[in-house]
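Down below is the structure, laid out as C-alpha cells.
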Amino acid sequence: MSETESSAPLPDHEDPGIEPWWRRSAPLAAAASLAIGAATLWFGNMLHRVPLDQHATLSYLLMLPLLLIVPAFSAAGLRLAWLAWFGARGATRMLIAIVLLAAVMANLLAIWRFGTALLRIFGS
C-alpha cells in the first residue's frame, strides 16, 4: 500500500448542512411522538395482564433489560415532542400543540403504567 492511499481522507457519510427529519418537520416529529406514546402505552397496559405464578418473578427479572426499552422509547417520544414544540412556527403551532398534548400524556401514562406493572410483578 502506498503512502498516498493510507493518508487519503475517509468519506464523509453525513452532510453537516442537512438537519435530521425531526428538526426539519415539526408535524412529523409530533406524529412520531404520538405513535411512540400509543405503542408504549399499549405495551405498558399489556404488562398488567401477565399471569403471575411462583416462577414469574425470576422470569421477569431475566427479561428486565428487554422490558426497560419501554420507558426508554417513552423518553424518546417526550424528546421528540419537545423538539416538535420548539420547531413549530406560525399557525401550525396550535395544531401541533393538540397532537403534542396527546403525545406527552400517552408517553407519561406509558411510563407510569410500566412502573406500576413492575411493582405488581416484583411486589408479589
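The values are calculated or read from the model by the stated rules, or taken from the named source; none is laboratory data. These numbers were taken from a predicted model, which means no experiment stands behind them. Glycine also receives a Cβ, built like all others from the backbone with ideal geometry; neighbour counts cover every protein chain displayed. Remember, those area values only see protein heavy atoms, side chains included, never the ligands or the DNA or RNA. Shrake-Rupley method; radii C 1.70, N 1.55, O 1.52, S 1.80 Å.
Remarks
- Pair list, Cβ < 8 Å and 6+ apart or interchain, from the stretch 89-104 residues that are under 24 Å from ALA39 (Cα atoms) and in a helix (DSSP H, G or I) to residues that are basic (Lys, Arg) and open to solvent by less than 70 Å² (accessible area, probe 1.4 Å): none
- Check on LEU28, open to solvent by 90 Å² or more (accessible area, probe 1.4 Å) and in a helix (DSSP H, G or I): yes
- Within the span defined as the stretch 51-66, every residue fails to be open to solvent by 50 Å² or more (accessible area, probe 1.4 Å) and touching a Leu at 6+ places or on another chain (Cβ under 9 Å).
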